[in-house]
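Some notes on the structure that comes next.
What follows draws every value from the coordinates through simple rules; no lab data is involved. Everything numeric in this text was worked out from a predicted model, so none of it was measured. Note that we place each Cβ from the backbone using ideal geometry, even for glycine, and neighbour counts take in every protein chain shown.
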Amino acid sequence: FGGQPWFNDIIVRNYKEKFSAVFGERNGKLMMQATAGSLTGIGEVVLLPLDVLKIKRQVNPEAFRGRGIVRIVMEENFALYRGWGWTMARNAPGSFALFGASAVTKDYVLGITDYSKATWTQNFIASIAGAVASITVAAPLDTIKTRIQNANFETNVRGTTVIKDLLRTEGVSALFKGLTPKILVVGPKLVFSYTLAQSLIPFFGKYV
């Protein structure tokens, strides 16, 4: 989450007038927050190999075939970035919803105009709305991404193939399969990390 304020500063400096002209001053501020969050989410693709290894270890341990993580990284190289496009496609709207819904909650519900002055409790409340919105919006693409990454290393599964097979065999509802457990499991982690980051970033910003 540390990259979001950096992206937001860039957007404010260079595109504030354009956002305000299109969305109005108040909503333009919210949109800039959400857009900065989206760019941050896209940038997280650099950490994709760690996510791939975690998923395979959890649901497809046969893919390791007795190999250690170091050996897999050395042998597979860029194969660990398989599904990077779908990861970015998931992160962009997911992070947009996270920071957008949080900003809307702070502005319209809690009446905060300067988000950096939000208290820990206010950040916590806003993060709940952001986490639920983020997980829900990203659920379909997250399902596709996970199924791509779940395959063996030598198997090159296309996202379009996954979508066609999923819709044909399981229906549209499969895109949101496991949404409630995901909110209950991932939600608290997202709420905690977002609240902590949003509370500490302004603090460190005074000294850095």
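The charge dipole of region 119-208, taken about its Cα centre with unit charges on the Cβ of Lys, Arg, Asp and Glu (plus for the first two, minus for the last two), comes to roughly 40 debye. Measuring nothing but how far apart in sequence close Cα pairs (under 8 Å, 6+ apart) lie, relative to its length, the chain scores a relative contact order of 23 percent.
A straight Cα-to-Cα reach below 26 Å connects residue 177 with the lysines 54, 56, 145, 164, 189, residues fewer than 8 places away in its own chain not being considered. Each label was represented as a point 7 Å from its Cα along the Cα-to-Cβ direction; for residue 117 and residue 44 these points are 3.0 nm apart. Counting only DSSP H runs of at least 4 residues, each contributing -39500 (n - 2.57), and dividing by the residue count of the chain, the helix-based mean residue ellipticity at 222 nm comes to -24500 deg cm²/dmol. Taking +1 at the Cβ of each Lys and Arg and -1 at the Cβ of each Asp and Glu, which of 3, 100, 150 sits farthest along the dipole of the chain towards its positive end, judged by Cα position relative to the Cα centre? Checking the options against the dipole of the chain, the answer is 150. With contacts taken as Cα pairs under 8 Å and at least 6 residues apart, region 86-208 reaches a relative contact order of 34 percent.
Just how large is the dipole of the chain about the Cα centre, in debye to the nearest 20, putting +1 at every Lys and Arg Cβ and -1 at every Asp and Glu Cβ? All intermediate terms of the calculation are to be shown ahead of the outcome.
On the way: 24 positive and 14 negative charges, 45 e Å.
Roughly 220 debye, rounded to the nearest 20.
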